[in-house]
Structure formats: structure tokens, C-alpha cells
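Nothing in this text is a laboratory measurement; each read-out follows from the coordinates by a stated rule. Computed from a prediction, not measured in an experiment: that's the story for all the values here. Methodologically, a virtual Cβ is constructed for each residue, glycine included, from the backbone with ideal geometry; neighbour enumeration extends over all protein chains shown.
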């Protein structure tokens with residue numbers, strides 16, 4: 001981006017918004033918006049507390065397990081749907097319903113099924129993340145050129161090796177895009193799961209701070225969460241960039 | 001030029017001892033569409049035979065049936081006397097769109113067939129390096145397909161097919177996605193490799209000039225349903241320079257004769 005001929009670095013706009021936040025906060029417009037500097041101070045001390053660390057660990061644990069399940073199930077189901085029309089017809093309608101459904105509404109039902117503990121949160125993460133992974137994997141598998149598959153077969157890759165050496169690798173750009181989008185949804189899932197159901201981990205802290213109108217800590221919590229979600233997304237995006245040329249060449 | 005009449009092909013050919021590939025009564029139906037009707041052909045060992053015909057005549061289908069990539073509706077293909085039931089190591093395929101793995105280097109692409117056979121890394125890389133040099137790509141071993149031009153990519157495809165040391169090489173319009181100047185160079189290189197490698201080549205093309213220039217034997221297929229219409233053996237002195245061949249009267253006459261035969265299929 002350039003302004004008046006000067007090149008402005010990418011993060012400059014973020015900085016500008018931070019300054020605006022600080023000014024609004026200092027003006028004391030609303031107790032909901034404390035100055036950013038106070039929030040950052042709060043964030044700094046928050047991460048050192050045992051409460052936050054325990055909450056973060058619980059949250060991370062649910063997130064990682066839920067995401068791992070979503071990736072494994074999502075890629076396998078997407079592979080089946082991309083390869084076999086029968087599977088596509090059987091599952092297609094459900095995947096398309098769930099990918100756009102307001103899943104938060106289902107969480108109370110999950111609580112009845114899986115109890116008040118972490119299991120429900122894991123299931124919520126899974127349900128938020130899995131569908132987009134299925135859809136993207138399916139699209140990637142269907143985009144694998146026929147000739148590449150024939151190449152594999154004619155040079156001796158039959159059965160399982162055809163999948164591991166050709167098809168999954170050829171579909172990797174779409175699979176990674178699905179995982180990236182799934183992760184962003186998974187972060188939503190873990191917080192919503194914890195908030196709505198179990199009142200554990202990060203959700204418990206959100207509940208605690210917002211009830212007590214402890215806005216510094218509330219915003220600190222939010223900023224950390226956003227930073228983690230964006231960091232994860234950027235990480236996958238980085239891997240995606242390395243395989244980007246696939247789509248153009250194949 | 002020797003012209004084997006179409007009538008001869010309607011009778012079942014007696015298997016000739018020097019046929020590397022025998023095609024017997026191959027029919028192919030796609031739902032209601034008849035792609036190929038009772039094809040009987042022998043492909044002599046060590047020769048380059050071209051399948052030529054109008055688009056949609058099933059020449060690529062026939063090649064893929066020989067490759068074992070698609071099943072025939074009826075009939076049988078035998079390679080070195082053994083019936084084909086699927087792809088096999090004695091046949092290697094060169095694809096129209098190259099079919100290179102974009103995530104792998106030239107080296108890995110060329111060595112891929114050997115990798116699948118379970119050959120050790122050092123051994124297969126030595127073989128791959130030899131064929132990369134033979135197709136004129138030395139120095140490009142660590143490049144990725146997207147860093148190469150179309151012509152260079154097909155050279156990788158060719159090296160991959162040579163590396164597995166198959167008896168029969170199946171080439172599906174290998175030069176159609178390559179620009180004209182590169183194609184000419186490619187055809188000359190192919191003739192040199194045919195001479196060098198002493199393998200049986202089955203070559204699919206829709207270019208009459210390419211067929212006459214490269215082939216020992218040209219099989220002309222009729223329009224759908226594909227049948228053998230004519231077999232031509234151009235007798236061209238291949239020891240002459242490529243440019244002399246392209247100006248040779250026999251070459252030009254053969255091109256003209258095939259064109260006269262194919263003209264009726266063009267709408």
C-alpha cells in the first residue's frame with residue numbers, strides 16, 4: 001500500500017486502529033472500552049496466572065483433539081465422496097446442510113449426549129471444522145487430472161499406493177485450504193462449546209470477566225485468542241503457498 | 001511405399017512371430033456408443049507403428065486398451081504372447097498432457113516408475129540421470145515441472161518411459177501440446193531414440209506429416225466406430241537428413257495419399 005507516494009508497511013493500518021482505540025479509551029467514552037495500553041498490561045499479567053495457563057491448556061487440548069479428528073475424518077470422507085459417486089450421493093446432502101447450519105444451536109443437544117465435560121467441547125470443535133474439510137477435499141480429489149491417475153496406474157501404483165503417492169498429493173492444495181478454513185471454524189467451536197456448555201477453560205474465563213465487567217481482562221483474553229487463530233491460519237497459509245503452483249501445473 | 005489393403009485386415013491375421021503386441025478382435029462400447037469395432041492388428045517388434053485417424057476414431061482408446069488402463073468390451077491384447085489384464089512393467093506410457101507430478105523434481109519424476117518397483121535410491125537415480133541426459137535435459141534434474149517449458153516437460157515424460165526399460169512404448173499424441181518448432185525437433189529426437197533403444201513404439205497422432213515422418217508402419221482407423229481402414233508402410237530412407245526427408249518425393253506422396261483417404265471423414 002502507498003500513501004502520497006510513500007510505501008506503508010502492511011501492519012500500519014493495524015497500528016492506526018490501535019492508536020484510535022487508545023484515544024477512545026483514554027477519553028473514557030464507555031467503560032466497555034478501556035485504553036488499549038491497559039488491556040495489554042492486563043494481557044501481560046494474565047498469561048502469567050495459573051488460572052489462564054490451566055484454561056489455555058484445557059482449551060488447547062480440546063481444540064487439538066477435535067481438529068485432529070476433523071482432519072482425519074474430513075479428509076477420508078472427502079476422499080470417498082470425490083472418488084465414489086455412491087458415497088457422494090449418500091453423504092453430499094448432509095455435508096452441505098451441516099456446512100451452512102448454525103451449529104451453535106446443536107450444542108445443547110450435544111451436552112445431553114456427551115455430558116458437561118471436555119468431550120462435548122471436542123465434539124463441538126469437530127462439528128464446526130469437519131464439513132468444510134470434507135467439501136474442500138472432495139473438490140481437490142475431483143480436480144486430480146485423470147492422466148495423472150492413469151500415469152500412476154501404468155507405472156505400477158495400484159491400490160493404496162495410488163492414493164498415497166498420487167491422488168492425495170495432487171489434491172493437497174485444496175485439502176490444505178480446507179484445513180485452514182476448518183481451523184478458523186474450530187477456534188469458534190472451542191470457545192462456543194466451552195461457553196455454552198461446560199463453562200470450562202477459556203469459556204469459563206470469558207464468562208467470569210464479562211459478568212464482572214472486568215473489561216481489561218476480557219479484551220486481553222479476546223486479543224490473545226484472535227492472535228492465536230490468525231497465527232494458526234497464517235501458518236497453514238504459509239504451507240499452502242509452497243504448494244500453490246500445483247494447481248496451475250497439473 | 002507399400003500399401004496393405006484394408007481387405008486383408010478383415011480376415012484374422014495369422015500371428016507373426018515378430019509381433020510384440022497382438023490385438024485380436026478388440027471391441028469397445030461406451031454405453032450405447034461403439035468406439036471400436038473388431039480391431040485385429042499386429043505391432044512388429046522394434047518398429048514404430050502409428051495409429052492415425054480422424055478425431056473420435058478411438059485411436060487413444062485403443063492405445064489405452066493396449067496399456068491396460070481401460071478394459072475392452074471384447075477381444076484380447078497380447079504383449080510378448082501374454083494376455084493383457086491391466087498395466088504391466090513391459091509397457092510404458094507417454095501422456096498427451098505429460099502427466100508429471102508437480103510436487104516432484106525432474107529427477108524424481110523420471111525415476112518414479114523405478115521407485116514404484118522398489119529399486120534403491122542410488123540405483124534408480126543413476127538410471128534416471130542417464131535418460132535425462134539422453135533426452136537433452138542434463139542440468140535440469142533438480143528443477144520442478146512448473147519451471148520447464150512444454151517441450152521440456154514432455155522430454156521428462158519420455159525419459160520416465162525409457163527409464164523403466166519397457167519393451168513397448170505407448171505414446172498418446174505426445175507432441176500435440178508442444179509448439180511447432182519444438183515438435184519438429186522432438187520428432188527428430190524421437191527417431192534417434194527409436195534407433196538407439198530398439199523398442200517397439202506405438203504412437204498415436206492426428207498429424208499426417210508426423211505419422212509419415214516418424215513411422216515404419218501407419219495404421220489408419222476409420223471414423224467411429226473405429227475400424228482398421230488401411231495400413232501403409234512408408235518406405236523412406238531414414239539415413240537421410242531430417243530436412244531431406246521432409247522434401248523427399250516418397251514422403252510427400254505418402255502424405256498426399258493419406259490425406260486423400262482421410263478427407264472423406266472431415267466434415
Extension length gain for residue A:162 and residue A:237 (0.36 nm per residue less Cα distance), in nm, is 24.3 nm
Packing-ranked peptide list from A:218-224, B:152-158, B:142-148, highest mean Cβ count within 10 angstrom first, is B:152-158, A:218-224, B:142-148
Here the whole-number average of other chain Cβ atoms within 10 Å per Cβ of B:58-71 is 1
The exposure ranking of B:47, B:130, B:198, fewest beta-carbon neighbours within 10 Å first, is B:198, B:130, B:47
Listed with the fewest Cβ neighbours within 10 Å leading, A:62, A:37 appear as A:37, A:62
Per its Cα gyration tensor (rounded if a/c is under 1.5, else prolate when a/b beats b/c, else oblate), chain A is best filed as oblate
In degrees rounded to 10, the 0-90 angle between helix A:172-193 Cα long axis and the longest Cα principal axis of chain A is 40
Rounded to the nearest 10, the angle in degrees between the Cα long axis of helix B:249-262 and the longest principal axis of the Cα atoms of chain B comes to 70
Mean other chain Cβ within 10 Å across B:101-108 is 4
PRE zone check, label point 7 Å out along Cα-to-Cβ of residue B:179, amide N under 19 Å, scope region B:136-167, hits B:137, B:145-156
Applying the gyration tensor rule to the Cα atoms of region A:190-238 (axes a ≥ b ≥ c; rounded if a/c under 1.5, else prolate if a/b exceeds b/c, else oblate), the class is oblate
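In percent, what relative contact order does region B:101-165 have, based on Cα pairs under 8 Å that are 6 or more apart in sequence? Write down the numbers at each step before the final one.
Numbers: 77 pairs, mean separation 31.6, N = 65.
Contact order relative to length: 49 percent.
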Within 10 Å of the Cβ of an average residue in B:246-258, the count of other chain Cβ atoms is 0
Taking a crude spin-label model, label points 7 Å out from Cα along the C-beta direction, the residue B:85 to residue A:54 distance in nm is 6.5
The relative contact order of chain B, taking Cα pairs under 8 Å that sit 6 or more residues apart, comes to a percentage of 27
Log10 I(q)/I(0) at q = 0.16, 0.20, 0.23, 0.26 Å⁻¹ for region A:105-144, from Debye over equal alpha-carbon scatterers, is -0.49, -0.61, -0.69, -0.78
Of A:179-187, B:67-75, A:90-98, ordering from highest average Cβ density within 10 Å down gives A:179-187, B:67-75, A:90-98
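Give the percent of DSSP beta bridges with both residues in the protein assembly as shown that are antiparallel, rounded to the nearest 5. Can you show the working numbers first?
Values: 24 of 43 bridges.
Looking only at bridges with both residues in the protein assembly as shown, the antiparallel portion is about 55 percent.
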A correct fewest-to-most ranking of B:62, B:196 by other Cβ atoms within 10 Å would be B:196, B:62
Taking A:144-154, A:15-25 and ranking on average Cβ neighbours within 10 Å, highest first, one gets A:144-154, A:15-25
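Is the shape of the protein assembly as shown rounded, prolate or oblate, going by the alpha carbon gyration tensor and its root eigenvalues a ≥ b ≥ c, with a/c under 1.5 for rounded and a/b larger than b/c for prolate? Don't skip to the answer; put the middle values down first.
Details: a/c = 3.27, a/b = 2.44, b/c = 1.34.
Because a/c hits 1.5 or more and a/b exceeds b/c, the protein assembly as shown counts as prolate.
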Subtracting the Cα-Cα distance of residue A:199 and residue A:14 from 0.36 nm times their residue separation yields 63.4 nm
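Please give the calculated 222 nm ellipticity per residue for chain A, where each DSSP H segment of at least 4 residues contributes -39500 (n - 2.57) and the sum is spread over every residue; nearest 500 deg cm²/dmol?
Values: 12 runs with 190 residues, N = 250.
-25000 deg cm²/dmol, from helical runs alone.
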